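Data first, discussion second: the structure below is written as structure tokens.
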Amino acid sequence: MATLKILTRRAALLGGGAAIGGLATKAFTPSNPTLDGTRFIKPSGAADMLNDASGLSETTIFRHITIKHDPGAQLITAIRTELNEARENGRPVNVGAARHSMGGQAIPRDGHAITFDNGLVEPDTSNQMMRTHSGARWSDVIALADPLDLGPRVMQSNNDFGIAATFCVNAHGWPVKEGPMGSTVRGFEMILPDGELVTCSRTENADLFGMTMGGYGLTGIITQMDVELAKNQRLEPTYAEMPGEELGTRIVEALADGEVTMAYGRLSVTRADFMSKALLVTFRPSADQSDLPAASGSGAAANIASRIYRAQLGNERMKDVRWWFESDLATTIVSGPSTRNSLINEPVVTLDDRNPDRTDILHEYFVSPDRFAEFVRLCREVIPGSFQEFLNVTLRFVDTDPDSWLAYAPVPRIAAVMSFSQEMTARAEADMQRMTQELIAGVNAIGGTYYLPYRPHARQDQLAQAYPRAAEFVAAKRALDPNLVLRNNLWDSYLRVL
Ligand SMILES: Cc1cc2nc3c(=O)[nH]c(=O)nc-3n(C[C@H](O)[C@H](O)[C@H](O)COP(=O)(O)OP(=O)(O)OC[C@H]3O[C@@H](n4cnc5c(N)ncnc54)[C@H](O)[C@@H]3O)c2cc1C
């Protein structure tokens, strides 16, 4: 492709370790907990352990290496070497990026964990797309694309995540009317479990494309990708308040206005007003699109919002204050135009709780807009019965995904992204699992789906019901990878037995 080549690279090795000719063998330093009696403690002190963002997934591994090569022969050789050694010894392999999935989806038990550390991004302005190393992060993309008045077309609401990882969970974001991120991927290069290098697109190896999109790294190791970009724009927010049950249909009505290019909703989380109040924020391009400022992120409003967000813990009054901040104060005082890139250029650390005794756990559910009121009633029945601290729920629109075999949006969906603060204890884990299974049962009953990158708390039958093509996916995976070299906890806990 005709390429304007501008390169960026994250300076630091992920977590340290010496790089040898682009391949760093990392003595993994665990910083996450293990279960000691009834309480998870940080750190465990074990050298052969790997964990993820939940801090609850500590798993023994054989080896963790970081690979820093650009796409090309050296990268392919390094991956083939790892695959061969693992296959000969009956061990699994899995690649991760930021490991913000929360249930070992990027961890191979007793296997070879690979992390890519290479932020290579090559924007192609004439075709409004980029070719990128699969391990590049969205922060790398924004840093390169923003000066060219371009930015990610669809990504999560935070910028830390890997590009291939985003494709492998098939994440969604605020841009509308868009499908998940996989809808913006034109093609990619991938090494299959037997070491063969293939290219995949909607016209070449189309089945592999659909299996890999939302396939959690179980079909192959992606080395580079071609992904669409969008024009950066100055956007103005509009705020509308409404009863909670109406939010699903009101989002769809708002999107009938073709000028709306980003949107999200919020629901109140105080026990007194549980999901009864809703706020819908829609963004339209400003009249003035000249001299766009550089992408900022983490502005004053984000930092104030983050402090108020944390102060909600165990404090119903602060939950009220936060609602007032978002629905009244922020709409008048701190509101104003912002660029599309600035809105999504937020690192996860802004919301970090810095509390060794608690962890933030996300849930996500996808329901049809016209069943959203039933979803709200379900949440009112289930969530207050648990002792988890419920901090936030954000609503998004996700358009139809016709490609992914493990699709969570086979028809247009409202995505409900929920954030809980959980104690690092066994009793909190048990309570979270019970609540999650009740929520999934209710969501499945109204034709919805739950999201797979979070805690492995669903029952086996719930996954099969939420993802009707799961058995077909597993059969094709077994044919592609008869030695089951590519494995992670999603496979071990769920797909293995389908
Ligand atoms: C604070 C927070 C906010 C979030 N917001 C959103 C959101 O707005 N929208 C949304 O949809 N999701 C959201 N998520 C979920 C998030 O998208 C997933 O957890 C995603 O996996 C994170 O990317 P990662 O780089 O951490 O992936 P990892 O956990 O490192 O990997 C995810 C999966 O991708 C596979 N993989 C990674 N790289 C490769 C490769 N090169 N080849 C093959 N397989 C690969 C891994 O094996 C694994 O199965 C959020 C999560 C958090 C913690």
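Can you name every residue in the range 458-498 that is outside any loop (DSSP other than H, G, I, E, B), in contact with a Gly (Cβ under 9 Å, 6 or more places away or on another chain) and closer than 19 Å to residue 213 by Cβ?
Here is the first cut: in the range 458-498, the residues outside any loop (DSSP other than H, G, I, E, B) are 460-466, 470-480, 486, 489-493, 495-497.
Add one more test, that the residue is in contact with a Gly (Cβ under 9 Å, 6 or more places away or on another chain), and what stays is 466, 473, 477, 480, 486, 489-490, 492-493.
The answer is 466, 473, 477, 480, 486, 490.
Read through the list (1) within 27 Å of residue 254 (Cα to Cα); (2) surrounded by 20 or more Cβ atoms within 10 Å (Cβ to Cβ), then give the number of the only condition that residue 428 fails.
(1)
So how many residues does the range 343-372 have that are crowded, with 17+ Cβ neighbours inside 10 Å and either aliphatic (A, V, I, L, M) or part of a loop (DSSP other than H, G, I, E, B) (or both)?
Total meeting the criteria: 9.
Assuming residue 406 fulfils every condition listed in (1) in contact with a Gly (Cβ under 8 Å, 6 or more places away or on another chain); (2) in a strand (DSSP E or B) apart from one, which condition is it?
Of (1) in contact with a Gly (Cβ under 8 Å, 6 or more places away or on another chain); (2) in a strand (DSSP E or B), only one is false for residue 406: (2).
Based on this model, can you work out whether residue 101 counts as assigned to a loop (DSSP other than H, G, I, E, B) and surrounded by fewer than 19 Cβ atoms within 10 Å (Cβ to Cβ)? Don't jump to the end; show me each part of the working.
Working: assigned to a loop (DSSP other than H, G, I, E, B): yes; surrounded by fewer than 19 Cβ atoms within 10 Å (Cβ to Cβ): no.
Judged against the criteria, residue 101 is not a match.
Being within 12 Å of the ligand (Cβ to nearest atom) and out of contact with any Ser or Thr (no Cβ under 7 Å at 6 or more places or on another chain) is the filter here; which residues of the range 213-227 pass it? It would help to see each step written out before you state the result.
Residues of the range 213-227 that are within 12 Å of the ligand (Cβ to nearest atom), as a first pass: 213-225.
Across the range 213-227, the qualifying residues are 215, 216, 217, 218, 221.
Mind checking whether some residue in the range 298-307 is in a loop (DSSP other than H, G, I, E, B) and in the same structural domain as residue 328 (by TED's automatic domain parsing)?
So the first thing to find is which residues in the range 298-307 are in a loop (DSSP other than H, G, I, E, B), and the list is 298-299.
After this cut, where a residue has to be in the same structural domain as residue 328 (by TED's automatic domain parsing) as well, the list is 298-299.
The answer is yes, given that some residue of the range 298-307 is in a loop (DSSP other than H, G, I, E, B) and in the same structural domain as residue 328 (by TED's automatic domain parsing).
Residues that are in contact with a strand residue (DSSP E or B) (Cβ under 6 Å, 6 or more places away or on another chain), under 21 Å from residue 418 (Cβ atoms), in contact (Cβ under 8 Å) with a residue 12 or more places away in the chain and among the aliphatic types (A, V, I, L, M): does the range 145-167 have at least one?
Checked the range 145-167: at least one residue is in contact with a strand residue (DSSP E or B) (Cβ under 6 Å, 6 or more places away or on another chain), under 21 Å from residue 418 (Cβ atoms), in contact (Cβ under 8 Å) with a residue 12 or more places away in the chain and among the aliphatic types (A, V, I, L, M).
Sort out which residues of the range 134-168 are outside any helix (DSSP H, G or I) and more than 9 Å from the ligand (Cβ to nearest atom), and write them in order of number. Even if it seems obvious, please write down each step before you answer.
Step one: filter the range 134-168 for residues outside any helix (DSSP H, G or I), giving 134-137, 149-162.
136, 149, 150, 151, 152, 153, 154, 159 - these are the residues of the range 134-168 that are outside any helix (DSSP H, G or I) and more than 9 Å from the ligand (Cβ to nearest atom).
When the residues of the range 425-457 are filtered to those that are within 16 Å of the ligand (Cβ to nearest atom) and in a loop (DSSP other than H, G, I, E, B), which remaining residue is nearest to residue 381 (Cα to Cα)?
Step by step, filter the range 425-457, then rank; the result is 448.
Return the pair list, or none, for Cβ contacts closer than 6 Å from residues in the range 362-378 that are more than 19 Å from residue 401 (Cα to Cα) to residues that are modelled with pLDDT under 95 and within 16 Å of the ligand (Cβ to nearest atom), at least 6 apart or on different chains.
Nothing qualifies.
Of everything in the range 213-229, what is under 18 Å from residue 118 (Cβ atoms) and either of a type outside the set (Gly, Ala, Ser) or not in a loop (DSSP other than H, G, I, E, B) (or both)? Give them in sequence order.
Selection gives 221, 222, 223, 224, 225, 226, 227.
Find the strands (runs of 3 or more DSSP E) located wholly in the range 31-94 whose residues include 1 or more that are at pLDDT 90 or above, and list them.
Numbers: elements: 34-36, 39-41, 63-67.
The strands (runs of 3 or more DSSP E) meeting that bar are 63-67.
Run down 242, 190 and say which single residue is without any contact (Cβ under 8 Å) to a residue 40 or more places away in the chain and within 14 Å of the ligand (Cβ to nearest atom). It would help to see each step written out before you state the result.
Details: 242 fails: within 14 Å of the ligand (Cβ to nearest atom).
So the residue among 242, 190 that is without any contact (Cβ under 8 Å) to a residue 40 or more places away in the chain and within 14 Å of the ligand (Cβ to nearest atom) is 190.
Taking the stated definitions as given, is residue 311 within 26 Å of the chain's Cα centre (by Cα), buried (at least 16 other Cβ atoms within 10 Å of the Cβ) and at negative phi? If you could, list the steps in order and put the result at the bottom.
On the way: within 26 Å of the chain's Cα centre (by Cα): yes; buried (at least 16 other Cβ atoms within 10 Å of the Cβ): no; at negative phi: yes.
Criteria not met by residue 311.
Could you check the range 65-89 and list, in sequence order, the residues that are in contact (Cβ under 8 Å) with a residue 40 or more places away in the chain and of a type in the set (Gly, Ala, Ser)? Don't jump to the end; show me each part of the working.
Pass one, the range 65-89, residues in contact (Cβ under 8 Å) with a residue 40 or more places away in the chain: 65-71, 74-76, 78-80, 83-84, 86-87.
Hits for the range 65-89 are 78, 86.
Would you check if there is a residue in the range 195-212 being part of a loop (DSSP other than H, G, I, E, B) and within 12 Å of the ligand (Cβ to nearest atom)? Break it down stepwise before answering.
Taking the range 195-212 first, the residues part of a loop (DSSP other than H, G, I, E, B) are 195-196, 202-205.
Cutting the leftovers down to within 12 Å of the ligand (Cβ to nearest atom) gives us none.
No: the range 195-212 contains no residue that is part of a loop (DSSP other than H, G, I, E, B) and within 12 Å of the ligand (Cβ to nearest atom).
Give the residue that is modelled with the highest pLDDT, with candidates limited to residues of the range 334-363 that are more than 21 Å from residue 295 (Cα to Cα) and away from the ligand (no atom under 16 Å from the Cβ). Outline the logic, then answer.
Let us first name the residues in the range 334-363 that are more than 21 Å from residue 295 (Cα to Cα), namely 352-363.
Among the residues that remain, those that are also away from the ligand (no atom under 16 Å from the Cβ) are: 356-357.
Numbers: 356: 88, 357: 92.
Once the filter is applied, the top-ranked residue is 357.
Given the structure, is residue 17 of a type outside the set (Ser, Thr, Tyr) and either at pLDDT below 55 or crowded, with 17+ Cβ neighbours inside 10 Å (or both)? Full working, then the answer.
Working: of a type outside the set (Ser, Thr, Tyr): yes; either at pLDDT below 55 or crowded, with 17+ Cβ neighbours inside 10 Å (or both): yes.
Here the answer is yes, as residue 17 does meet what is asked.
Answer yes or no: is there a residue in the range 390-397 that is within 16 Å of the ligand (Cβ to nearest atom), part of a loop (DSSP other than H, G, I, E, B) and within 28 Å of residue 431 (Cα to Cα). Spell out the reasoning first.
In the first step, residues of the range 390-397 are kept if they are within 16 Å of the ligand (Cβ to nearest atom); the result is 390-397.
Of the ones still in play, those that are also part of a loop (DSSP other than H, G, I, E, B) are none.
Scanning the range 390-397 turns up no residue that is within 16 Å of the ligand (Cβ to nearest atom), part of a loop (DSSP other than H, G, I, E, B) and within 28 Å of residue 431 (Cα to Cα).
Which residues, taken from the range 477-498, are crowded, with 18+ Cβ neighbours inside 10 Å and of a type in the set (A, V, I, L, M, F, W, C)?
485, 486, 490, 491, 495 - these are the residues of the range 477-498 that are crowded, with 18+ Cβ neighbours inside 10 Å and of a type in the set (A, V, I, L, M, F, W, C).
The values are calculated or read from the model by the stated rules, or taken from the named source; none is laboratory data. The structure presented is a predicted model; accordingly, all values stated were derived computationally and were not measured. Neighbour counts run over all protein chains shown; Cβ positions are idealised from the backbone, glycine included.
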